[in-house]
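Since the structure comes first, as structure tokens, the remarks are kept for the end.
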Amino acid sequence: MECYHELIPGLPDDVALECLARVMVRFHPGLRLVCRGWRNLVSASHFYRHRDRIGAAEDLIFFVQAGKGGGCRDGEAEEGEKHGGVGSQQPTHGLSAYNATMRSWHRVATNEPVPLFAQIATVGRKVVLLGGWDPVSLDPTAAVRILDPATGGWRRGTPMAQPRSFFACGAVGKQVFVAGGHDAQKNALRTAETYDPSADEWAALPDMGEERDECQGVEAGGRFWAVSGYGTEGQGRFVEAAEWYDTAAGQWRREEGMWEAGGTAYVGVAGGRMWSVGCGREATGEGWVREYEGVGKGWKEVAPHPAGVKRGGRSPCAAVAVGGGDRERVFVMAAAEEESGADHRGCVLEVGSRHWTRVETPVGFTGFVFSAAAVRL
């Protein structure tokens, strides 16, 4: 018969829970090593729900970022960059993380290289890394890997039905959606599928109405959207229409006028709204944060362009929503103004006040961000 042990000797378990729930997420892998009781507690969903209730939860944003040596432990990538990169001319991507609550950055240790241009999504506490280019062969991959940020542990998931890269990706409820992109022959794809990380199972979806290479995925209004993209014969000519998946009807719906040209990132915010964060056309130097008002209504401007972010040109940009309710924010990673001396920088928009705050972005984390996703722990 197993003996019961208090979580913290001399303290009631409810008091011990209050203490442990306030330990920062970065130390949770270490908590698991102390004893079986702590390991079970830190592995439980109710532990993280309690952290959220008492205001101790942390918002972590994960980035697939250029120039970071995949497979490195924390700190190793920075040392490589000081000596001229990772030792070869081959491009590299890695996984970085920004703790929006503690305002700290760190490199995420991976057990194997991160595919180039991989997509990332979060479901519950799971961070799912999918597709992209194999860093050795440079061919699209179907690989799926899953990270538990609370433990730092990785596991392999069931691969996608077909290799793909530059595809739309996003999470709706407990499912990860993928659609479009291109295959190993650079043919644009219409195919789509959905992944359940808990069951580790993929299910095929009907094909989209048209091919969509380099489309963007976004969750808004409880729907998964594949925005813009182009067909095999229309290389680089982005279409204005998007498609969203109608779960009830089991088919894709087309919507016109969705593409905002010029370094644009799409993000879903509270109330089912869709925002676009754009850096504008080089000729006009404009920039914007706009909200989609619906069919026939188009877009309206809802916030100014962030200071310190480059205007004009095809400025790379990634955006992700964090928090919720009155605390909802949109984190944006975009090309910095030339005089700043940085490649890219982060900034945060308070959704309620429409106020921008600059995020101090260390040199080792200023590389191009290809995809981003957030999780609250």
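The values are calculated or read from the model by the stated rules, or taken from the named source; none is laboratory data. Please read these numbers as outputs of a predicted model, since none were measured by experiment. Here the Cβ is made from the backbone with ideal geometry for all residues, glycine too, and neighbour counts use every protein chain on show.
Of all residues in segment 360-377, those that are touching a residue at least 24 places away in the same chain (Cβ under 8 Å) and within 15 Å of S104 (Cβ to Cβ) have Cβ atoms under 9 Å from Cβ atoms of residues that are crowded, with 23+ Cβ neighbours inside 10 Å and among the basic types (K, R), 6 or more apart or on another chain, in G364/K68; F365/K68. Taken together, the residues in segment 150-193 that are under 19 Å from A372 (Cβ atoms) and among the small types (G, A, S) amount to 7.
Which residue out of G285, G313, G308, G323 is surrounded by fewer than 20 Cβ atoms within 10 Å (Cβ to Cβ) and either at pLDDT 85 or above or under 23 Å from the mean Cα position of the chain (by Cα) (or both)? That would be G308, the only listed residue that is surrounded by fewer than 20 Cβ atoms within 10 Å (Cβ to Cβ) and either at pLDDT 85 or above or under 23 Å from the mean Cα position of the chain (by Cα) (or both). For segment 57-76, state whether one or more residues are surrounded by 21 or more Cβ atoms within 10 Å (Cβ to Cβ), modelled with pLDDT of 55 or more and either in a loop (DSSP other than H, G, I, E, B) or not hydrophobic (A, V, I, L, M, F, W, C) (or both). So far as segment 57-76 goes, yes, one or more of its residues are surrounded by 21 or more Cβ atoms within 10 Å (Cβ to Cβ), modelled with pLDDT of 55 or more and either in a loop (DSSP other than H, G, I, E, B) or not hydrophobic (A, V, I, L, M, F, W, C) (or both).
In segment 1-41, how many are charged (D, E, K, R) and touching a Phe, Trp or Tyr at 6+ places or on another chain (Cβ under 8 Å)?
If we filter segment 1-41 for residues that are charged (D, E, K, R), which is where we start, we get 2, 6, 13-14, 18, 22, 26, 32, 36, 39.
Imposing the further condition that a residue be touching a Phe, Trp or Tyr at 6+ places or on another chain (Cβ under 8 Å) reduces the set to 32.
So the count comes out to 1.
Selection of segment 102-121 for residues being over 22 Å from E214 (Cβ atoms), touching a strand residue (DSSP E or B) at 6+ places or on another chain (Cβ under 6 Å) and either at pLDDT 95 or above or of a type in the set (A, V, I, L, M, F, W, C) (or both) yields W105, V108. Filtering segment 142-169 to residues that are small (G, A, S) and on the phi > 0 side of the Ramachandran plot leaves only G152. If the condition is being touching a strand residue (DSSP E or B) at 6+ places or on another chain (Cβ under 9 Å), hydroxyl-bearing (S, T, Y) and outside any strand (DSSP E or B), then segment 148-166 contributes only T158. Within segment 139-153, residues that are more than 18 Å from V34 (Cα to Cα) reach partners that are surrounded by fewer than 18 Cβ atoms within 10 Å (Cβ to Cβ) and among the aliphatic types (A, V, I, L, M) with beta carbons closer than 9 Å, at six or more positions or on different chains, in the pairs D139/A184; P140/A184; A142/A161.
Could you tell me whether any residue of segment 215-229 is part of a loop (DSSP other than H, G, I, E, B), touching a strand residue (DSSP E or B) at 6+ places or on another chain (Cβ under 7 Å) and among the hydroxyl-bearing types (S, T, Y)?
So far as segment 215-229 goes, yes, one or more of its residues are part of a loop (DSSP other than H, G, I, E, B), touching a strand residue (DSSP E or B) at 6+ places or on another chain (Cβ under 7 Å) and among the hydroxyl-bearing types (S, T, Y).
Scanning segment 158-174 for residues that are surrounded by fewer than 19 Cβ atoms within 10 Å (Cβ to Cβ) and touching a Ser or Thr at 6+ places or on another chain (Cβ under 9 Å) turns up P159, A161, Q162, K174.
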